[in-house]
Amino acid sequence: MSLISRINSLATRIGTEFKSIRTEFISKTNTTSYTPTTDYHPATKKYVDDNAGSGGASVAIDDTTPAGSETMWYQPTKGVFSLLIDSQWVSVGRNGADGADGADGTSVAIDDTAPTGSETMWYQPTKGVFSLLVDSQWVSVSRNGADGADGTNALGFIAAILTKSVDQNVGGANGTETWWTWNGETRKDNEFIHDNSTNSERVAIATTGWYNIMFNGSVQQTGTGRSTLQGIIRINSGSTLRTGTVRDYSRGSAYGNLSPGLSCTMQLTSGDYIEVGTRVEDSDGVYTLSTNGAEINSEENQLIITRLE
């Protein structure tokens with residue numbers, strides 16, 4: 001073989017090898033689309049721009065709903081930031097508030113009573129409580145840092161505050177018990193059940209737990225007899241209890257009104273109802289309030305029941 005033939009053959013081989021080598025690299029002047037498929041493959045600028053976003057294009061900033069293609073969502077008015085995880089929006093807010101769950105609204109319940117059953121997060125607006133479903137149990141925190149046990153009992157300030165604007169005779173002979181009716185509701189959270197007209201002396205409990213009960217009474221003494229009134233309480237119309245009772249004594253209408261009451265803490269079961277009232281104490285049987293001898297001074301009475309845990 002002549003020298004020229006050998007040179008031409010070598011040039012052909014070099015060209016073939018060079019073309020083969022070029023397929024293993026991406027040059028600076030490359031204009032062909034390339035998609036990396038393993039950990040250490042190079043990535044083109046276009047691939048990075050298309051898949052890593054460009055200047056926050058993947059974040060929705062809107063108070064209503066994301067457009068549908070974003071993976072992050074911020075609601076400025078609510079202060080809520082959300083991430084799209086496994087097709088569900090997971091959200092946190094400045095007060096534990098939740099911004100629904102993105103476009104579909106299925107994984108977060110926003111309700112003061114109870115979630116519908118399919119949610120994994122639950123926000124109770126009135127109570128300011130945010131809950132997560134963990135191992136089939138609701139774990140909750142509120143704006144005051146209190147723990148909500150199983151979510152349905154999540155705590156913030158949960159109370160029933162009842163008032164009375166209708167006078168009621170509470171007088172009588174020694175041992176007379178009167179269960180006070182309540183026809184006003186300053187506050188009544190969903191933990192409590194009360195009706196202003198039907199069995200209005202009863203306040204029912206929706207959730208098992210510990211409760212603080214405070215009863216302040218004001219009774220106008222219109223008779224001349226001397227007597228003592230004592231605050232009383234009972235559960236489910238059972239036996240009269242004198243837990244945390246407060247007594248007050250009057251010598252008659254010329255000596256001022258009475259302020260019976262009580263303050264106590266009780267463990268109550270869901271479905272229980274309580275009643276508070278007064279009992280006439282006159283052990284000698286002589287100084288009694290007449291039948292119309294005592295009327296409630298309506299503007300000064302209050303029954304407050306608060307959930308402790």
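Length gained on full extension, D50 to N30: 5.5 nm, using 0.36 nm per residue less the C-alpha separation. As a rough footprinting exposure proxy, the listed residues S69, S165, S131 were ranked by other beta carbons within 10 Å of their own, and the order from fewest upward is S69, S165, S131. Segment R242..Y40, full-extension length gain: 64.9 nm, with 0.36 nm per residue of separation and the alpha-carbon distance subtracted. Ordering L241, V280, L303 by the projection of their Cα atoms onto the charge dipole of the stretch 159-307, which places +1 on the Cβ of Lys and Arg and -1 on the Cβ of Asp and Glu, puts L241 at the extreme positive end. Using a cut-off of 9 Å between beta-carbons, work out the net charge of the residues near T240 (Lys and Arg +1, Asp and Glu -1, T240 not included). Summing Lys/Arg as +1 and Asp/Glu as -1 gives +2.
Neighbour counts of C-beta atoms inside 10 Å place K188, K45, K164, K28 in the sequence K28, K45, K188, K164, starting with the fewest. In terms of surrounding Cβ atoms within a 10 Å radius of their Cβ, Y40, Y211 rank from fewest to most as Y40, Y211.
Read the figures in this text as sums done on the coordinates, not as results from a lab. Please read these numbers as outputs of a predicted model, since none were measured by experiment. When we count neighbours, we look across all protein chains shown, and the Cβ atoms used for this are built from the backbone with ideal geometry, even at glycine.
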